[in-house]
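A.B. asks: Handing you a structure now.
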Amino acid sequence: MGSFSWNLVLDIQEMWSLPFMLNAFRAGTAVAIVAPIVGWFMVLRRQSFAGHTLAMVGFPGAAAAAWLGLGLGAGYFAFSIAAAFVMAGRPAGSTVHSEESALVGTVQAFALAAGMLFVSLSGGFLNETTALLFGSFLGITAGQVMALVIVAVVVLVVLAFIGRPLLFASVDADVARAHGAPTGALAVGFLLVLAATAAEVGQITGALLVFALLVLPPATAQALSPRPAVSLALSVVIGLLTVWVSLFVAYYSLYPVGFWLTTVGFGIYVAARSGVAVAARVRDLHPATAPVPTC
Amino acid sequence: MLMHPFMQHAYLAGTAVALAAGLVGYFLVLRAQVFTADALSHVAFTGALAALAAGVDARVGLFGLTVLVAVAMGFLSPRARPDDVVVGGLFAWILGVGVFFLSVFTAIRSGNGNGAAGVNVLFGSIFGISGRRALATALIALIVCGLIVLVSRPLLFASLDSDVARAHGVPVRLLGFAFLALVGVTAAEASQVVGALLILGLLAAPPGAAMRLTSRPLVAFGLSALIAVVSMWVGLWVSYAVPVVPPSFSILAAASLPYLLTGFLGRPRETLSGQRA
């Protein structure tokens, strides 16, 4: 740990001279680009609960892999993808919210309980349990950074292909279906993208940090702008800002990155929401400044 | 099996908590608010660790923070029905704060610096409950049951069609707050029994199964409680018979099984909850 001086350039130079901090910034940047983009669709589709569940089911996957002596990565992927298929398996065209709510909740709780069983069967690994759930950016290797970048590229390419119809289907599923968009396939496809992101990012950074980056920057961006392209770009900018600031602060403080990252993200979210609310109030009080519709 | 005091305590606390979870869970599923309960169960984790880090009884933080956050989420949303984004945002931050308290707590008690306390809060320790604590847990759970049964009729009305309910003079917003507070108390209660991470199963799976079995609301309400209680009994028994299986797993497995099986039956006509969509 270095000591903080008010010369920011010098501070950053000193921080980046440590390989583990450099890797943390590289990994953080990759995550801060891909998670807010995938999360932007997740928030738009009101699927935060599914996103949280997919981020959590990696834990039993890793626990099962550890018990069977397989690679942790395989366990993460297998469980997340399986959970995505189970959650997508509700009757096609059913729009009953309560049914989905119960299904996702049951999947998550059962998966975590199974994780507990695997931990108990393999003789317990309490330290790893905490690390799996809350994770950290510190201690990431160069190989893991590479893996993160590859996953990020694959996810972004897939989203570039299905982005437009997915946006259409997310905003108005009925109209999209009437226009011939395959809404059912898009829903399954998106859950798989979400699962792959959560699994790959989660095993490096922990379930908490993925979820925070999936939810907070997109929620802030969508509160700031109703235009898809603008808020998608804003979401990435806010994500990068959140990760960089929190890594920097965490380096000079005693407390974990997870705490700083969620606090910075939530702070920006609250500031944006209040700013928008105040702006709306001001417009109401001074109607003269609002654009007058011309007849 | 019931000769052992620890099993008696587990059955006492477990039955009451399962009853409360089954009843409260029915409305959670009906109102599509299971995500709210997911968030509140993690708030229970943060609350318990905050209290431990501050050196007071874990239950103070557990109940205080869950009810506080439950009501706060109501204030941030129209009609006290928290929105997906509000829940998700607040939730992520509360979890981060939980990590903060975990690190503070493990720094204070460097003796058990392996995060065992955090893991206990997350996954529960039903076989470690003392007699007095089991009694207190059961009493609070029974009060929650009484309250939810008391408000069940207006709450059902408000959940199914809030506009018509309001036109009939039902205090929809107030009911929303009361319900959120009850969910908070249930989450705090249940985290002592099955752990903060697994409450969700008791809240979501039994009502999910009950709603697939019948479309009549009050029957499903009772059936949900029945399934939850039976799952708790079966789960505790299995865990006692096969010691390698943690009780949290067997309870959750027993609760998920009816949900899985009813999935093969198909849905009973069009359920009332469909009206919300």
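A.B. asks: Return the total of residues in the range A:145-157 being buried (at least 18 other Cβ atoms within 10 Å of the Cβ) and closer than 19 Å to A:W16 by Cβ.
C.D. replies: Residues meeting the conditions: 2.
A.B. asks: Okay, next question. On the basis of being at pLDDT 90 or above and either outside any helix (DSSP H, G or I) or within 13 Å of chain A (Cβ to nearest Cβ) (or both), does B:P243 make the cut?
C.D. replies: Considered against the rule, which asks whether it is at pLDDT 90 or above and either outside any helix (DSSP H, G or I) or within 13 Å of chain A (Cβ to nearest Cβ) (or both), B:P243 comes out as no.
A.B. asks: Going by the conditions given, is A:R26 more than 30 Å from B:S41 (Cα to Cα), among the charged types (D, E, K, R), open to solvent by 60 Å² or more (accessible area, probe 1.4 Å) and in contact with a helix residue (DSSP H, G or I) (Cβ under 9 Å, 6 or more places away or on another chain)?
C.D. replies: On the way: more than 30 Å from B:S41 (Cα to Cα): yes; among the charged types (D, E, K, R): yes; open to solvent by 60 Å² or more (accessible area, probe 1.4 Å): yes; in contact with a helix residue (DSSP H, G or I) (Cβ under 9 Å, 6 or more places away or on another chain): yes.
In short, yes.
A.B. asks: What residue, of B:A190, B:A196, is touching a residue at least 40 places away in the same chain (Cβ under 8 Å), open to solvent by less than 10 Å² (accessible area, probe 1.4 Å), in a helix (DSSP H, G or I) and within 18 Å of B:F127 (Cβ to Cβ)? Step through it out loud before you land on a result.
C.D. replies: On the way: B:A196 fails: in a helix (DSSP H, G or I).
Exactly one of B:A190, B:A196 is touching a residue at least 40 places away in the same chain (Cβ under 8 Å), open to solvent by less than 10 Å² (accessible area, probe 1.4 Å), in a helix (DSSP H, G or I) and within 18 Å of B:F127 (Cβ to Cβ), namely B:A190.
A.B. asks: Another question, then. Please count how many residues of the range A:119-139 are more than 7 Å from every other protein chain (Cβ to nearest Cβ) and either surrounded by fewer than 21 Cβ atoms within 10 Å (Cβ to Cβ) or at pLDDT below 75 (or both).
C.D. replies: So the answer is 13.
A.B. asks: For A:G105, are the conditions met, namely being buried (at least 17 other Cβ atoms within 10 Å of the Cβ), at pLDDT below 85 and under 27 Å from B:I94 (Cα atoms)? Lay out the reasoning, then the answer.
C.D. replies: Numbers: buried (at least 17 other Cβ atoms within 10 Å of the Cβ): yes; at pLDDT below 85: no; under 27 Å from B:I94 (Cα atoms): yes.
No: the conditions fail for A:G105.
A.B. asks: Right, something else. Can you tell me which residues in the range A:249-266 are open to solvent by 40 Å² or more (accessible area, probe 1.4 Å) and more than 11 Å from chain B (Cβ to nearest Cβ)?
C.D. replies: Those that are open to solvent by 40 Å² or more (accessible area, probe 1.4 Å) and more than 11 Å from chain B (Cβ to nearest Cβ): A:V249, A:Y252.
A.B. asks: Look at B:G263 and say whether it is touching a Phe, Trp or Tyr at 6+ places or on another chain (Cβ under 7 Å) and touching a residue at least 12 places away in the same chain (Cβ under 8 Å). If you could, list the steps in order and put the result at the bottom.
C.D. replies: Values: touching a Phe, Trp or Tyr at 6+ places or on another chain (Cβ under 7 Å): no; touching a residue at least 12 places away in the same chain (Cβ under 8 Å): yes.
So B:G263 fails the test.
A.B. asks: If you don't mind, another one. Which condition does A:Y269 not pass, out of (1) within 9 Å of chain B (Cβ to nearest Cβ); (2) surrounded by 15 or more Cβ atoms within 10 Å (Cβ to Cβ); (3) closer than 30 Å to A:E14 by Cα, if it passes all the others?
C.D. replies: Every listed condition holds for A:Y269 apart from (3).
Condition check ((1) modelled with pLDDT of 85 or more; (2) farther than 23 Å from A:V86 by Cα; (3) within 12 Å of chain A (Cβ to nearest Cβ)) across all residues:
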site: B:A225; (1), (2), (3): yes, yes, no
site: B:W237; (1), (2), (3): yes, yes, no
site: B:I251; (1), (2), (3): yes, no, yes
site: B:Q275; (1), (2), (3): no, yes, yes
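A.B. asks: If I filter the range B:84-118 down to residues being assigned to a helix (DSSP H, G or I), facing chain A (nearest Cβ under 7 Å) and modelled with pLDDT under 65, which single residue comes out as farthest from B:A54 (Cα to Cα)?
C.D. replies: Of everything passing the filter in the range B:84-118, B:A116 is farthest from B:A54 (Cα to Cα).
A.B. asks: Consider the range B:1-60. How many of its residues are touching a Leu at 6+ places or on another chain (Cβ under 6 Å), within 14 Å of chain A (Cβ to nearest Cβ) and open to solvent by 10 Å² or more (accessible area, probe 1.4 Å)?
C.D. replies: Number satisfying all stated conditions: 0.
A.B. asks: Can you tell me which condition B:L139 does not meet? The list is (1) open to solvent by 30 Å² or more (accessible area, probe 1.4 Å); (2) in contact with a Lys or Arg (Cβ under 9 Å, 6 or more places away or on another chain), and all the others hold.
C.D. replies: In the conditions (1) open to solvent by 30 Å² or more (accessible area, probe 1.4 Å); (2) in contact with a Lys or Arg (Cβ under 9 Å, 6 or more places away or on another chain), B:L139 misses (2) alone.
A.B. asks: For the range B:156-171, which residues satisfy the criterion of being assigned to a helix (DSSP H, G or I) and surrounded by fewer than 23 Cβ atoms within 10 Å (Cβ to Cβ)?
C.D. replies: B:L156, B:F157, B:L160, B:S162, B:D163, B:V164, B:A165, B:R166, B:A167
A.B. asks: Of the residues that make up the range A:43-54, is at least one at pLDDT below 80, outside any helix (DSSP H, G or I) and open to solvent by 10 Å² or more (accessible area, probe 1.4 Å)?
C.D. replies: No; the residues of the range A:43-54 include none that is at pLDDT below 80, outside any helix (DSSP H, G or I) and open to solvent by 10 Å² or more (accessible area, probe 1.4 Å).
A.B. asks: Residues that are within 13 Å of the chain's Cα centre (by Cα), at pLDDT 80 or above and buried (at least 18 other Cβ atoms within 10 Å of the Cβ): does the range A:63-73 have at least one? Show your work before the answer.
C.D. replies: Here is the first cut: in the range A:63-73, the residues within 13 Å of the chain's Cα centre (by Cα) are none.
Within the range A:63-73 (the criterion being within 13 Å of the chain's Cα centre (by Cα), at pLDDT 80 or above and buried (at least 18 other Cβ atoms within 10 Å of the Cβ)), the answer is no, since none of the residues qualifies.
A.B. asks: Exactly one of these conditions fails for A:Q203: (1) open to solvent by less than 40 Å² (accessible area, probe 1.4 Å); (2) under 14 Å from the mean Cα position of the chain (by Cα). Give me its number.
C.D. replies: (1) is the only condition that A:Q203 fails.
A.B. asks: Further, regarding this structure: Filter the range B:255-273 down to residues that are more than 10 Å from chain A (Cβ to nearest Cβ) and either crowded, with 18+ Cβ neighbours inside 10 Å or modelled with pLDDT of 85 or more (or both) and give me whichever is nearest to the chain's Cα centre (by Cα).
C.D. replies: B:P258
A.B. asks: Do any helices (runs of 4 or more DSSP H) entirely within the range A:161-261 hold 3 or more residues that are more than 28 Å from A:V278 (Cα to Cα) and in contact with a Lys or Arg (Cβ under 9 Å, 6 or more places away or on another chain), and if so, which?
C.D. replies: In the range A:161-261, the matching helices (runs of 4 or more DSSP H) lie at A:183-205.
The values are calculated or read from the model by the stated rules, or taken from the named source; none is laboratory data. Note that this is a predicted model, so its numbers are computed, not measured. Positions of Cβ are backbone-derived with ideal geometry, glycine not excepted, and every protein chain shown enters the neighbour counts. Just the protein is used for accessible areas: all its heavy atoms, side chains included, with ligands, DNA and RNA removed. Shrake-Rupley method; radii C 1.70, N 1.55, O 1.52, S 1.80 Å.
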